[in-house]
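Take a look at the structure set out below.
The values are calculated or read from the model by the stated rules, or taken from the named source; none is laboratory data. All of these numbers come straight from a predicted model, not from anything done at the bench. In this analysis, Cβ positions are derived from the backbone assuming ideal geometry, glycine residues included, and neighbour counts consider all displayed protein chains. For accessibility, only protein heavy atoms count, side chains too; no ligands or nucleic acids. Shrake-Rupley method; radii C 1.70, N 1.55, O 1.52, S 1.80 Å.
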Amino acid sequence: MTGTLGRHVRPIDWQQRTSGAARYTADLFIAESLTVRVVRSPHAYAAVRSIDTAKAATMPGVHAIITIADFPPGARYIHEGARDRPPLAEGMVRYVGQEIAAVAAETAEQAAAAADAVVVSYDRKRGPLTIAAAQGAWSAALHKRTNGKNISKSLHRSWGEPLQGSSDGVSVDGRFVFSRQTHASMEPNSIIAQWDAEQGCLHLWVSTQAPIFVRDEVAQILGLAKEQVVCHEVFVGGGFGSKSRISEHEVIAAALALKVKRPVRLVLDRNEEFETTKSRHAFHMELALHADASGHMRAITGRFQVDNGAYDHSGMSVTSAGMKGLGLIYRPRSIRLDAQLIDTATLPGGQFRGYGTTQVTFALESLMDELAGRLERDPIDLRLQNANRDGEETLIGARPRTVRLADCLIAARDAIGWDKLRNTRPAGHGVGIASGVHLSGSYAERDDANRSDAAIDMLTNGKVRLRFGGADTGTGQRTMLAQIVAGELGLALDDVDVMTMDTALTPFDLGAWSSRGTHYSGHAARLVAKTATKKLESLAQGRVLPIGDLVALSNEAVDGMLTVEASFVETAVQRPDPKTGLGNVSASYNFAAHAAHVKVDTRTGKVELIDYVAVHDVGTPLNPAAVHGQIVGGAAMGIGAALGEDLVFEQGKLVTTGYTYYALPRAADIPSIRSFIVNCADPLGPYGAKGVGELGINPPPPAIANAVADAIGVRIRELPITPDKIVTALARKEGRNRHFNIWRRPDRWWIAFVRWAYPLGLFRLLHAWRTHQPSRSVPPEIEELAAPASLDEALSSLDRGAVPMGGGTDLLLRRSQMLSTATRLVSLAGIADLSQIAIAEDGAVTIGSAVSLSRLCAPSATHPAVAAAAQSIASHQIRNMATIAGNLLQANRCWFYRNGFECYQRVGAKAPCYAILGDHRFYHAAIDGHRCQAVTPSDMATALTALDATIHIRGRHGTRTLPIRALYTGPGQTVLQDGEVIAAITLPAAARTRVGAFRKLNLWHGDFAIGSVAITCRIDEAGCWHDPRIVCGALAPVPWRAVETEKALAGRKVTAALLRAALDEELNAKAHPLARNAWKLDALAGLCEQAVEEINEKVGR
Amino acid sequence: MSASAVTSMVHVVFWLVPGLERRHQMVSVKRQMVVNDTAFDVDVGLDDTLLRVIREKIGLTGTKEACGRGECGACTVLVDGVARLSCMTLCALVTGKVTTIEGVARERPDICAAFADHGGFQCGFCTSGQIVSVAALLQESLPGDPAAAEHVVRDRLSGNICRCTGYGGIVASVLALAGGDR
């Protein structure tokens, strides 16, 4: 290879991307721009009777409102050809969040206010919200389909020999669920659209992976010629597949730009981004593997149900790609698969890194381990025996030239220390392996999918510029292309510029998807660079001259610029046969093996990743650092899918609409992933390279599931592998049961009755007839903001509905969630008197209410248990801002309440609690739940309760002091009256003599507690515990003290087992869990055991 | 202008009083903000977050809005050297000197270069916040033991979500800057 190819170079745009200079779409502020706000459906399935925009249209700043009536009749997206989705709702809405109308106004606030004022009248219907519901006899039909009710499409694939009945073989099978994962790109979908009436040209700046698809869809829907729509180059902040097709917002912005004749900007907020970005399709898979007694794989059979969501986007091709993935890793003799793409009235599925192969790999590779178990074989040996090989045509018609899967497996085995771990692993530890495959650009079912063009402009100043039509969303593709051009032309990397995305100025390319960038754009760049070299050689005629001088010699140069173009067409690929799916759809195929070493906390269900190895066959890496970046980034995303990421819906509405509720990995959640590349050079790849973008995401879910199964002897078949699933599976395995005997507890009878009545119609009644919150997407403006210098001053201003504010991290959030309408805020954060930590002579510690959580993180500042709690809260930045009183007083974090559900807590008695039948596994009460199932989320409250803290409250009319246990009246609710503030918190002198420990279980580092525990006690010289406090957070509406257990332990030498026995008895006597959160009792008891062990360790026992 | 003079000028108490300008129906006050050691006179609405003022009124677009509600860290800036989320900070309450990515990149180009050398960024959208957080982190000393240092770095950067890199490159960048030998 030439030049810098094969070597690590800094990305050519590193200075822009690291200094803030890179301009992403939302960073472009075009003069006279209007802001767009979209009106969305609050209903999963409803007929739209009317849309009244009259009032909204007259509101201040509003320039235009569009509905479907503003589009040509019959306007539909092309997508996969189904043409079932209009640009704005037409007649029906089929999922929560679907676009109904859009407003362009001078400011974002005006646009939002007008959007709120658009009156849409609905005729609500009961839509099929799950795969099971869609197939029910009485379910509504979402679309008119020819394959059967709510079956968008069916697919049958049969490859290889006919299945033969045989008795000497081994079969394993299972039912696997791959849940919905969302891309959560850091840059939300962003569009700027501007109509140039003079030129008759629509200019678009779009955060996209594939400008050409955006151009084509916008042009066809708006009835423009393709040449009239021009996408311009911008920096793009991640895509992972979500931006490889149109996001359904580009057309809206474009239509408004045409209407108002001014530039418009449409930037989705994070709620919208989660609610409307087409997610990974959930796959429900029944899969079976059949092998002979020697372990040779005979057949793979299976049946998939794929959740299509409300509209056809890429569901069928995702399903088809997944099926083909099953034919590439190993060498079965037969594959028989059936799939149904099922319509549900939920967010549509779309393209996501891995594209179907991720889902099926989870099932296949989990079963490979089960097969190995049945055959009593080492899982890696079994995989090596069956691994695909060079030069063989696979059952699906693929002809990979290079297959280094076996090398990957062996390298992964060595790197993770497989043999040693398998033989001598400590309890709770496990190791798992998984293979994976992906391709280098599929010959997708469209014309020209095997083609990529490129152009080079050479300038008299010696610089050259490559023009190419794809988009670099952060993969490093621009740098790789510059390396190719620089290498071929013998230039320094600095002399090569790369222009992308501009549909007017760059030649044909389909964009960055299907891992096609390296193969297609790499070949195109190589080809055009060679063309340029030839051109220069002909100009040089044997002389050695710099490029600039040669350009000056050329009579083809225009304005000092000589241009060459080239078109690369891959002839080694075939379009798949539509009937059989057979065909060599990719020029090369890339393989991987990942190995995971996990530690499972069997008490709490938490899976900790100790070590992770990813070994890939990517051909020859052109920029190794970028290749490792793709591998590690993909693996981290796969680890997220394995352990936490899940879109949760309730009544069709997304519950997990934000990073707080979507457990994607944070830095502390994963170890340094170790990435390796095996030696390979693919003869068809550019300089031997293969694609790499997607594969990293495929092996992690099964590798981790296999490691977990290895660790605890139970296999989890439904992703993500969250603590509840592990704790529940272990309890079942060990035959542990809890009995709560509600019939003997009259105080719980009413609640038990209501919970019983919920599924029988009470919930539906309350849901249908609930009080509605006024439609409002921006909070009322702040009218007054005071930053007093003293508490007295603050108290005097806390009248007329003014509310106190600490760091603002909860109050401002609640304002944006429409949970607080306060318009007069009094900031206490700057009051010096409230920002002190004072230690009295007797040792009592008084913490001012405005002391930040950061200051409490030091164990010496107050008490080690307080420090441990503070360290566990949120993030460094939040801890710098948030105050201790703000933490104590924050509202509950129930994900229904916070995320827009009109629930009892939000709108009042005539509304249901969505947690009772909804997903309440993590953040809801298992003890004392009443009308609302939420909990007090403050970890500080847990720790301070265990230290007998007192709360000093100041109001205009006086002062009062309470023990902290008297502070809370309900989930995040306190005895504080209007006009009162917490002035300080005191830890009594006795707290200093208490030994304590704080433990917390959560889904990601810094997340709110699923459960937290603080235990403190005094320990005498004999090792006996005195006056113990056992406090559980996030288990009940208020911090819950295990008083019976405290009594039972007092005066005894406490061990984990002793505590567990007493605590289990008390939990069984007092708990009243919901249907799916009884596991929290086990997890909390486990945390208590760990806290006891920590305390005993601290005092040396 | 000295820093203390600036501080006294901006350390004011805001009240709703007659005479405050109502623009776009928003209450606003004239403020002087010191951002990256430069003083800016800006109209600040009481609702305006520090993020919005930095991006839209001062015109420094390196600070990104990715969530707008304190979840992701993309908007991290330093106020008097302390890392804060500018999307959850009301600008009118800010009295300290603000440093954004543009300022950090100027003062600590070595952090930017380390990110480039160690795969610390891909799409770059979270990178401004990451680098600002790293600048704050590097004001403190890290443990000498590499594993302990990595533990601290991962904990401290957990408020900055990255969806591209899997964090390996970011952590490697910080450890290299801190002199850690990996």
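The residues in region A:513-542 that are assigned to a helix (DSSP H, G or I) and either among the polar types (S, T, N, Q) or open to solvent by less than 20 Å² (accessible area, probe 1.4 Å) (or both) can be counted, and the count is 17.
Selection of first residues in region A:3-22 that are closer than 15 Å to A:Ala625 by Cβ and at the interface with chain B (Cβ under 7 Å from one of its Cβ atoms) and of second residues that are of a type in the set (Ser, Thr, Tyr) and surrounded by 21 or more Cβ atoms within 10 Å (Cβ to Cβ), restricted to Cβ pairs under 7 Å at least 6 apart or on distinct chains, gives the following pairs, ordered by first then second residue: A:Pro11/A:Thr479; A:Arg17/B:Thr127; A:Thr18/B:Thr127.
The residue of region A:770-794 that is least open to solvent (accessible area, probe 1.4 Å), among those that are away from every other protein chain (no Cβ under 13 Å) and under 28 Å from A:Ala113 (Cβ atoms), is A:Arg770. The numbered conditions (1) touching an Asp or Glu at 6+ places or on another chain (Cβ under 6 Å); (2) of a type in the set (Gly, Ala, Ser); (3) not assigned by TED's automatic domain parsing to the domain that holds A:Ser938 are all true for A:Gly735 except (1).
Per the listing A:Ala210, A:Ala104, A:Ala117, the residue uniquely surrounded by 15 or more Cβ atoms within 10 Å (Cβ to Cβ), touching a residue at least 40 places away in the same chain (Cβ under 8 Å), more than 27 Å from the chain's Cα centre (by Cα) and under 23 Å from A:Cys231 (Cα atoms) is A:Ala104. Among residues of region B:88-105 being more than 12 Å from the chain's Cα centre (by Cα) and more than 8 Å from every other protein chain (Cβ to nearest Cβ), the one that is surrounded by the fewest Cβ atoms within 10 Å (Cβ to Cβ) is B:Gly96. Selection of region A:137-195 for residues being farther than 26 Å from A:Ala44 by Cβ, assigned to a strand (DSSP E or B) and among the hydroxyl-bearing types (Ser, Thr, Tyr) yields A:Ser158, A:Ser171, A:Ser190. Looking only at region A:38-64, residues that are in contact with a Ser or Thr (Cβ under 7 Å, 6 or more places away or on another chain) and under 12 Å from A:Ala89 (Cα atoms) come to 3 in all. Listed conditions (1) under 28 Å from A:Cys913 (Cβ atoms); (2) surrounded by 13 or more Cβ atoms within 10 Å (Cβ to Cβ) are all met by A:Ser797, apart from (1).
Which residue out of A:Gly241, A:Gly223 is modelled with pLDDT of 95 or more, in the same structural domain as A:Ser41 (by TED's automatic domain parsing), under 16 Å from the mean Cα position of the chain (by Cα) and not β-branched (Val, Ile, Thr)? Give the derivation first.
Values: A:Gly223 fails: under 16 Å from the mean Cα position of the chain (by Cα).
Being modelled with pLDDT of 95 or more, in the same structural domain as A:Ser41 (by TED's automatic domain parsing), under 16 Å from the mean Cα position of the chain (by Cα) and not β-branched (Val, Ile, Thr) holds for just one of A:Gly241, A:Gly223, which is A:Gly241.
Here region A:852-873 is the region considered, the condition is being in a loop (DSSP other than H, G, I, E, B) and either within 14 Å of another protein chain (Cβ to nearest Cβ) or aromatic (Phe, Trp, Tyr) (or both), and the residue that is surrounded by the fewest Cβ atoms within 10 Å (Cβ to Cβ) is A:Ala858.
Cβ contacts < 6 Å: first residue at positive phi, restricted to region A:1030-1048; second residue open to solvent by 40 Å² or more (accessible area, probe 1.4 Å), any location; separation 6+ or different chain. Result? Partner pairs satisfying both residue conditions: none exist.
Going residue by residue through region A:619-628, is there one that turns out to be assigned to a strand (DSSP E or B), modelled with pLDDT of 95 or more, open to solvent by less than 10 Å² (accessible area, probe 1.4 Å) and more than 11 Å from every other protein chain (Cβ to nearest Cβ)? Looking through region A:619-628, at least one residue is assigned to a strand (DSSP E or B), modelled with pLDDT of 95 or more, open to solvent by less than 10 Å² (accessible area, probe 1.4 Å) and more than 11 Å from every other protein chain (Cβ to nearest Cβ). Counting only strands (runs of 3 or more DSSP E) that sit wholly inside region A:251-327, those with at least 2 residues that are of a type in the set (D, E, K, R) are A:297-309. Taking (1) closer than 18 Å to A:Asp617 by Cα; (2) touching a residue at least 12 places away in the same chain (Cβ under 8 Å); (3) surrounded by fewer than 20 Cβ atoms within 10 Å (Cβ to Cβ) in turn, A:Gly397 satisfies each apart from (1).
Filtering region B:141-167 to residues that are open to solvent by 20 Å² or more (accessible area, probe 1.4 Å) and either more than 12 Å from chain A (Cβ to nearest Cβ) or under 27 Å from A:Phe1008 (Cα atoms) (or both) leaves B:Ser141, B:Leu142, B:Pro143, B:Gly144, B:Asp145, B:Ala147, B:Ala148, B:Glu150, B:His151, B:Val152, B:Asp155, B:Arg156.
Of the residues in region A:910-918, not one is in the same structural domain as A:His772 (by TED's automatic domain parsing) and closer than 30 Å to A:Thr1016 by Cα.
For region A:1066-1101, filtering for residues that are of a type in the set (A, V, I, L, M, F, W, C), out of contact with any helix residue (DSSP H, G or I) (no Cβ under 7 Å at 6 or more places or on another chain) and closer than 21 Å to A:Leu730 by Cβ leaves 6.
Which strands (runs of 3 or more DSSP E) does region A:874-987 wholly contain that include 1 or more residues that are crowded, with 24+ Cβ neighbours inside 10 Å and in contact (Cβ under 8 Å) with a residue 12 or more places away in the chain? First the steps, then the outcome.
Values: elements: A:950-955, A:958-963, A:968-970, A:981-987.
Ranges flagged: A:950-955, A:981-987.
Tallying residues that are open to solvent by less than 30 Å² (accessible area, probe 1.4 Å) and at the interface with chain A (Cβ under 7 Å from one of its Cβ atoms) within region B:44-62 yields 3.
A:Thr18 - would you say it is more than 31 Å from the chain's Cα centre (by Cα) and either part of a helix (DSSP H, G or I) or more than 25 Å from A:Gln220 (Cα to Cα) (or both)? Even if it seems obvious, please write down each step before you answer.
Details: more than 31 Å from the chain's Cα centre (by Cα): no; either part of a helix (DSSP H, G or I) or more than 25 Å from A:Gln220 (Cα to Cα) (or both): yes.
So A:Thr18 does not fit the description; no.
The set of residues from region A:645-657 being open to solvent by 10 Å² or more (accessible area, probe 1.4 Å) and touching a Pro at 6+ places or on another chain (Cβ under 8 Å) comprises A:Asp646, A:Lys653. Could you please find all residues in region A:801-817 being more than 34 Å from the chain's Cα centre (by Cα), away from every other protein chain (no Cβ under 11 Å) and either in a loop (DSSP other than H, G, I, E, B) or acidic (Asp, Glu) (or both)? Within region A:801-817, just A:Gly801 meets the criteria.
Within region A:658-672, one or more residues are of a type outside the set (Val, Ile, Thr), open to solvent by less than 20 Å² (accessible area, probe 1.4 Å) and outside any loop (DSSP other than H, G, I, E, B).
If you go through region A:575-610 and pick out every residue that is part of a strand (DSSP E or B) and either more than 27 Å from the chain's Cα centre (by Cα) or of a type in the set (Ser, Thr, Tyr) (or both), you end up with 1.
Checking the condition charged (D, E, K, R) and at pLDDT below 95, which residue from A:Asp390, A:Asp343, A:Asp381 passes? Can you show your working first?
Numbers: A:Asp343 fails: at pLDDT below 95; A:Asp381 fails: at pLDDT below 95.
Within the list A:Asp390, A:Asp343, A:Asp381, the selection yields A:Asp390.
So that you can scan it fast, the table gives a plain yes or no per residue for (1) over 21 Å from A:Gln305 (Cβ atoms); (2) crowded, with 17+ Cβ neighbours inside 10 Å; (3) free of Cβ contacts under 8 Å to residues at least 60 places away in the same chain; (4) over 32 Å from the mean Cα position of the chain (by Cα):
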| residue | (1), (2), (3), (4) |
| --- | --- |
| A:Glu376 | yes, no, yes, yes |
| A:Pro379 | yes, yes, no, no |
| A:Leu382 | yes, yes, no, yes |
| A:Asp390 | yes, no, yes, yes |
